[in-house]
1. When the accessible area of segment 256-356 is split by element with a 1.4 Å probe, what percent falls to carbon and sulfur?
2. Of the listed values [x] 0.97; [y] 1.09; [z] 1.04, identify the label whose number matches Rg/Rh (Cα atoms, Kirkwood Rh) calculated from this model.
3. Rounded if a/c is under 1.5, else prolate if a/b beats b/c, else oblate: with a ≥ b ≥ c from the C-alpha gyration tensor eigenvalues square-rooted, which is segment 342-403?
4. Would you kindly derive the ³J(HN,Hα) couplings of segment 37-52 from the backbone phi angles with the Karplus curve 6.51 cos²θ - 1.76 cosθ + 1.60 (θ = phi - 60°), listing them in order in whole Hz, with x for Gly and Pro?
5. Suppose all protein chains stay in the model; what accessible area per residue would a 1.4 Å probe give for the chain, in Å²?
6. Which ³J(HN,Hα) values in Hz, rounded to whole numbers, follow from the phi angles of segment 139-144 under the Karplus curve 6.51 cos²θ - 1.76 cosθ + 1.60, where θ = phi - 60° and Gly and Pro get x?
7. Grab the Cα-Cα distance for LEU14 and GLU189, subtract it from 0.36 nm times how many residues apart they are, and report the gain in nm with one decimal.
8. Sort segment 270-344 into rounded, prolate or oblate with this rule: let a ≥ b ≥ c be the square roots of the eigenvalues of the Cα gyration tensor; rounded if a/c is under 1.5, and if a/c is not under 1.5, prolate when a/b is larger than b/c, oblate otherwise.
Amino acid sequence: MPRMKVPKRYVIVLLTFICTNVCYIERVGFSIAYTVAADAINVNQANKGLILSMFYYGYVLSQIPGGWAAQRLGGRRVLLLSFLLWSLICGLIPLDPNRVVILVLSRLFVGVAQGFIFPAIHTVLAQWVPPQERSRSVSLTTSGMYLGAACGMLFFPSLVKHMGPQSVCLVEAVLGVAWSVIWLKFSSEPPRTDLPKVAMPKVASREKIKAQSTGVVAPRTVKIPWRRIIFSLPVWAIVVNNFTFHYALYVIMNWLPTYFELALKLSLQDMGSSKMLPYFNMFIFSNIGGVVADHLITKRILSVTKTRKLLNTIGFVVSAVALMALPSFGTPSGTVICSSVSLGFLALGRAGFAVNHMDVAPKFAGIVMGVSNTAGTLAGIVGVGLTGNILEAAKASNMDLTNSETWKTVFFVPAYLCIFSSVIFLIFSTGEKIFE
């Protein structure tokens, strides 16, 4: 019997999905392992915030260079090298809260290495994925982040309990090296013949049909329009929403375990599978958003612009409401429900702003992603560090950190940002190509 040939672009999308999955297993895993190790020697909240935020200092440094490197060297090569680098650092550096300088430097360099990954992914996807498949392809790829976070939350607390915090770093290193080997074997540069042709008006030129049907990025010799990118209002709409998305995500990812332990008197080990629900919900809603967006666009129910604005607004506004409700419950079940709704709808909103890079600048998707993700990374630096200082200030004012009401500021800040960002996206975003 003849063997069914799977289009290569599907293999690429699947591999990038696994890539983001492993990256977020690493991020969540370190947060869990370090929190346990730091609590064992009574490290204060501000210092914990410093170590947890060092990753994002490194991450922000390599976003725009990551986009440039992927544009010049190729996304496939950049992904491989960055993955190998952070994997080796995780496997070789000891997780010891007393060795602050080593921890700071290791997290900084892991952040630098991983900062190349997402611009490279967007460059690869822009090369392989045709316009009519972009929403669901990008949504599937990015949903790997949330499934990775869910897996980390499910398995790592038990691993830390039985094998110690260092075991988490070793598992992460093995996963990173394994993905690198698989990527090297099964990925390739995109041939022109693999992508399906897109129906275009007859009046279009052959060159335009070819360019839009393949969705390839600009040749490596094309001059990057830095000035137009930086001063573009639609790009800034993406940037603002990327900042807000990651502010909310990183605050919840890094500080929700502490909230459970201090305010709700419940350790992650005692929560069972419920601790993974917020991230699993992100995985589900991210893919729902991608499928819905492609359906609305392909069936011409809504334009690309209206589709992006609709899903972005629904996602961010519902997420804001859930964040404001979270500290009012004061129970584990209420917290899990609110955080699940908040993160789930944030992920739905990615079918708005997160795919918009490829709408406005398909030839420079990696570059625009690098600019946008720089803002998202700054959100990690600001959000994670600021939250630690907010809690230390509350403690210094004799406020009780075991009272959920004390945590209102922590969750209200990202909620207000979500509302503000959704308005910015409604006003300034577009689904039209503005960079040729």
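The values are calculated or read from the model by the stated rules, or taken from the named source; none is laboratory data. Since this is a predicted model, take the numbers as computed values, not measurements. Don't worry about glycine lacking a Cβ; one is built from the backbone with ideal geometry, like all the others, and counts go over all protein chains shown. With ligands, DNA and RNA removed, areas are computed over all heavy atoms of the protein, side chains included. Shrake-Rupley method; radii C 1.70, N 1.55, O 1.52, S 1.80 Å.
1. Carbon and sulfur: 71 percent of the exposed surface of segment 256-356.
2. [x]
3. It comes out oblate by the Cα gyration axes.
4. Going residue by residue, I get 5, 6, 5, 5, 10, 6, 5, 6, 5, 5, 5, 4, x, 4, 5, 5 Hz, with x marking Gly and Pro.
5. Ligands and nucleic acids excluded, the result is 41 Å² per residue.
6. 5, 5, 4, 6, 5, x
7. Residue separation times 0.36 nm, minus the Cα-Cα distance, leaves 61.5 nm.
8. oblate
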